[in-house]
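First up is the structure itself, then whatever we jot down about it.
The values are calculated or read from the model by the stated rules, or taken from the named source; none is laboratory data. This one's a predicted model, so the numbers in the text were calculated from it and none came from an experiment. Positions of Cβ are backbone-derived with ideal geometry, glycine not excepted, and every protein chain shown enters the neighbour counts. For accessibility, only protein heavy atoms count, side chains too; no ligands or nucleic acids. Shrake-Rupley method; radii C 1.70, N 1.55, O 1.52, S 1.80 Å.
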Amino acid sequence: MGSCLSGERKNRKIVYSEIASTSHNDAVFTRKSSRRKITRRGCPVDDATREMSLHRVPGRMFLNGSTDNATLFTRQGKKGVNQDAMIVWENFGSKEDATFCGVFDGHGPFGHMVAKKVRDSLPLKLSAQWELDATRGNGQTEARCRVSPPTLINKDSEISHCDLARQDGYNDMYVNLKESFLKAFKVMDKELKLHPHIDCFSSGTTSVALVKQGRDLIIGNVGDSRAVLGTRDKSNSLIAVQLTVDLKPNLPREAERIRLCKGRIFALQSEPQIFRVWLPNSDCPGLAMARAFGDFCLKDFGLIAVPDVSYYHLSEKDEFVVLATDGVWDVLSNEEVVATVASSPRSSAARNLVDSATRAWRCKYPAAKVDDCAVVCLFLNSSETTTAIPKEQEFTEEMETKFS
């Protein structure tokens, strides 16, 4: 709850979203300033053509559905247009053993557009940068000496170094992809700032994205979406291991940076548990995260789009990774999420998790509007075989989600 703008501005936010949506649903028109034809969906024709070409890329999924190794599902909440987006891209970067997964939680008047733009563009930038860095060697020998051991978050949300036995061989993968993540996120944020048709001044998105190649897992996180691992402990019991930190403004390292940049951090009396970022001399916008793509009204006051990059070396005890937006984490614990996924058939695990989150919202916050939810479940072994859902069924489920 409260991952976007302050409670006092929620209605205003929805009104702006409706106005934006109305204007984008107008007939086809041409902006004199750019001379670029606009489609009914509000996208430039060349962007729309590019989007359609992306939809035909083999192994790339962004609608509700599943493959042998992954399942994804999103559902619109009760706050307006669905601002969540998600993606699974197998054979990522033309590498047969590489998979890219991500979820994106938009906020602000044009948050839905920002989230979809990042969903479509960030994987391309990361793939290109990864290939470029690998070709150049990226100063690996020198950089390896400067990289500190990667960290993970345990189920009690305490930072701890990985078991040294599980860090073997992390250097090459971690150094290469960490640099690629940092550069790709930087270029993505700059592109949003210069985008001629998406106003990102007070709109933005979170992003938690991972690349799995073989037994290596690299995660880049901006905002308060989350990645959690379902694994077995020494007694073979299923446990949840949080792989990312929710980058909230009241975290000491985040708060220090924001205050040094003259940004303000405080919680409203009506929601004392939710700390927000405010402009130096104005009680707006009230962003409940310390890092995000977009939101350029706050970029001079401590908000950044630099990802928190972490590494994990997978073992045979690791069963799946769940990426989800805060519509899930606000009402379900890590352990509840892992238990739900583990008890579900692979093909419906993401949908069952969203169903559980929706029920939890109605039970725990009956007076609140249910938030949008997006979930990606990536399974790490092939012990169960499923059949990929046809595109026609994906489209049907998307329409059911849209009008439910």
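Only Lys, Arg, Asp and Glu carry charge here, each on its Cβ (+1 for the first two, -1 for the last two); on that basis the stretch 300-377 has a dipole of about 420 debye about its Cα centre.
How do 308, 68, 372 rank by accessible surface area computed with a 1.4 Å probe, from largest to smallest? If you can, show how the numbers build up before the last one.
Numbers: 308 45, 68 70, 372 10 Å².
Final ranking, largest accessible area leading: 68, 308, 372.
Would you calculate the separation in nanometres between label points at residue 382 and residue 300, each defined as 7 Å from the Cα along the Cα-to-beta-carbon direction? Each label point is offset 7 Å from its Cα along the Cβ direction, giving 5.5 nm. Remark: the stretch 308-314, residue by residue, has Karplus-estimated 3J(HN,Hα) of 7, 9, 9, 10, 9, 9, 6 Hz, where x stands for each Gly or Pro and the curve is 6.51 cos²θ - 1.76 cosθ + 1.60 at θ = phi - 60°. Shape annotation for the stretch 242-355: C-alpha extents along the principal axes are 52, 34, 22 Å, from largest to smallest. Dipole of the stretch 182-295 computed with +1 at Lys/Arg Cβ and -1 at Asp/Glu Cβ about the Cα centre; of 214, 187, 198, farthest Cα towards the positive end is 214.
Taking the Cα centre of the stretch 187-240 as origin, sum charge times position over the Cβ atoms of Lys and Arg (+1) and Asp and Glu (-1), and report the length of that vector in debye to the nearest 20. Provide the component values of the computation, followed by the final result.
On the way: 7 positive and 6 negative charges, 66 e Å.
It works out to roughly 320 debye.
Please go through the residue pairs 125/186; 212/299; 248/317; 234/317; 95/125 and name each one whose alpha carbons sit more than 20 Å apart in this structure. Distance filter (> 20 Å) returns 212/299; 248/317.
Could you tell me which GluC sites (Glu not before Pro) in the stretch 258-338 are loop residues by DSSP with no more than 11 other beta carbons within 10 angstrom of their beta carbon? Walk me through the intermediate numbers first.
Details: sites: 316, 319, 335, 336; in loops: 316.
Qualifying residues, ordered by number: 316.
Using the Cβ-Cβ distance between residue 215 and residue 190 with R0 = 35 Å, the FRET efficiency computed as 1/(1 + (r/R0)^6) comes to roughly 0.60.
Taking 0.36 nm per residue of separation and subtracting the current Cα-Cα distance, fully stretching the chain between residue 197 and residue 128 would add 22.4 nm. Of 369, 79, 212, the residue with the largest accessible area leads and the full order is 369, 79, 212 (1.4 Å probe).
Stretch residue 316-residue 273 to full length: gain in nm at 0.36 nm per residue minus the Cα-Cα span?
On the way: separation 43, 0.36 × 43 = 15.48 nm, distance 3.84 nm.
Gain on stretching residue 316 to residue 273: 11.6 nm.
Any chance you could run the full-extension gain for residue 135 through residue 232? It's 0.36 nm times the residue separation minus the Cα-Cα distance, nm to one decimal. Provide the component values of the computation, followed by the final result.
Working: separation 97, 0.36 × 97 = 34.92 nm, distance 3.72 nm.
Using 0.36 nm per residue and subtracting the Cα-Cα distance, I get 31.2 nm.
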